1. Calculate the dipole size of the chain relative to its Cα centre from +1 charges on Lys and Arg beta carbons and -1 charges on Asp and Glu beta carbons; express the result in debye to the nearest 20.
2. How big, in percent, is the set of alpha carbon pairs in region 21-112 lying more than 22 Å apart?
3. Rank R109, R175 by accessible area, highest first, at a 1.4 Å probe radius?
4. Efficiency by 1/(1 + (r/R0)^6): what FRET value for D85 and D56, r their Cβ-Cβ distance, R0 = 35 Å, to the nearest 0.05?
5. For region 28-170, what percent of Cα pairs sit more than 24 Å apart?
6. Starting from 0.36 nm per residue, how many nanometres of slack lie between K72 and D165 once their C-alpha separation is accounted for?
7. For region 100-154, take every pair of Cα atoms, bin their distances at 5 Å starting from 0, and report each bin as a whole percent.
8. Based on a Kirkwood Rh over C-alpha pairs, give the Stokes-Einstein translational diffusion coefficient of the chain at 37 °C and viscosity 0.692 mPa s in µm²/s.
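The values are calculated or read from the model by the stated rules, or taken from the named source; none is laboratory data. Only a predicted model underlies this, so the values are computations on that prediction, with no experimental measurement involved. Here Cβ is always computed from backbone atoms with ideal geometry, including for glycine, and neighbour counts include all displayed protein chains. Accessible surface areas use protein heavy atoms only, side chains included; no ligands, DNA or RNA. Shrake-Rupley method; radii C 1.70, N 1.55, O 1.52, S 1.80 Å.
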Amino acid sequence: MNKIVKRLLSTALIGALTLGMCACSTKSNSLTVEDGKLIMATNAFFPPYEYHDDNDAITGIDVEIAQAVADKLGLELVIEDVEFDSIIAGVQSGKYDIGCAGMTVTEDRLKSVNFSTPYATGIQSVIVADDSAITDIDTLLSGDYIVGVQSGTTGDIYMSASAEDGGVGEDRVDRYSKGNDAVVALMSGKVDAVVIDNQPAQAFVAANDGLKILDTPYAQEDYAMAVNKDNEELLDKINAALAELQSDGTIDSIINKYIPAQS
Ligand code: GLN
């Protein structure tokens with residue numbers, strides 16, 4: 001290599017390093033945790049919002065909506081499949097940009113994170129065995145039944161509350177890290193009922209014989225994306241993207257693709 005080429009190369013190298021350093025030093029101003037990426041934390045065991053398809057790809061309503069938002073923001077969507085009850089903490093600590101997991105907006109969570117505009121709704125449902133003596137919520141609450149829930153979810157929060165506050169109390173709640181594990185516990189008789197959001201409830205009942213959903217759903221909830229409290233800019237951009245996706249029908253068509261309209 002002759003001297004000129006060497007010098008040119010080293011100049012290019014210094015230039016590249018300087019650029020790299022600039023990119024690093026401006027990192028704290030960057031819109032997202034990693035430049036150019038939108039890191040979404042989810043728990044992909046919550047069909048049809050997020051689940052592993054037959055090829056083990058993570059798909060579902062939340063994934064498609066987050067992808068559409070990322071596209072509008074010019075960011076690459078990166079999905080992190082983690083425990084549901086670590087999502088809020090991870091968004092709060094700046095590990096993930098968004099928590100997008102059929103996540104209900106609650107007063108308590110709003111103390112730790114911001115939420116985007118809601119893009120879907122859920123309802124809590126009760127799954128029991130076909131021949132269960134539990135016929136409605138009141139029987140469930142008043143009897144001596146054990147309830148399976150997914151840890152850290154609103155189903156867990158409602159059921160773990162004391163009887164005066166409409167729950168069955170901690171002692172009668174069995175927590176599982178995945179909704180499906182709670183359903184497996186129900187099928188093996190370890191728990192008497194599972195309280196979980198209505199859409200995954202329907203998916204679990206469809207996939208397993210001998211289960212039914214009680215006719216008394218309760219607690220209508222809004223699903224939204226959790227965003228770090230210090231990142232108002234990202235929250236605003238996500239809300240602007242969601243508003244566009246709402247008004248051009250994209251969100252409805254994604255939801256309708258996974259949840260056929262009920263008559
Ligand atoms: N909507 C419920 C919640 O936010 C459950 C979400 C989930 O299990 N992915 O707690």
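1. 1700 debye
2. Counting every Cα pair in region 21-112, those more than 22 Å apart make up 31 percent.
3. R175, R109
4. 0.90
5. Here the long-distance tail beyond 24 Å is 41 percent of all Cα pairs in region 28-170.
6. The span from K72 to D165 would gain 29.2 nm if fully extended.
7. 4, 13, 22, 18, 14, 13, 11, 5, 1
8. It comes out at roughly 162 µm²/s.
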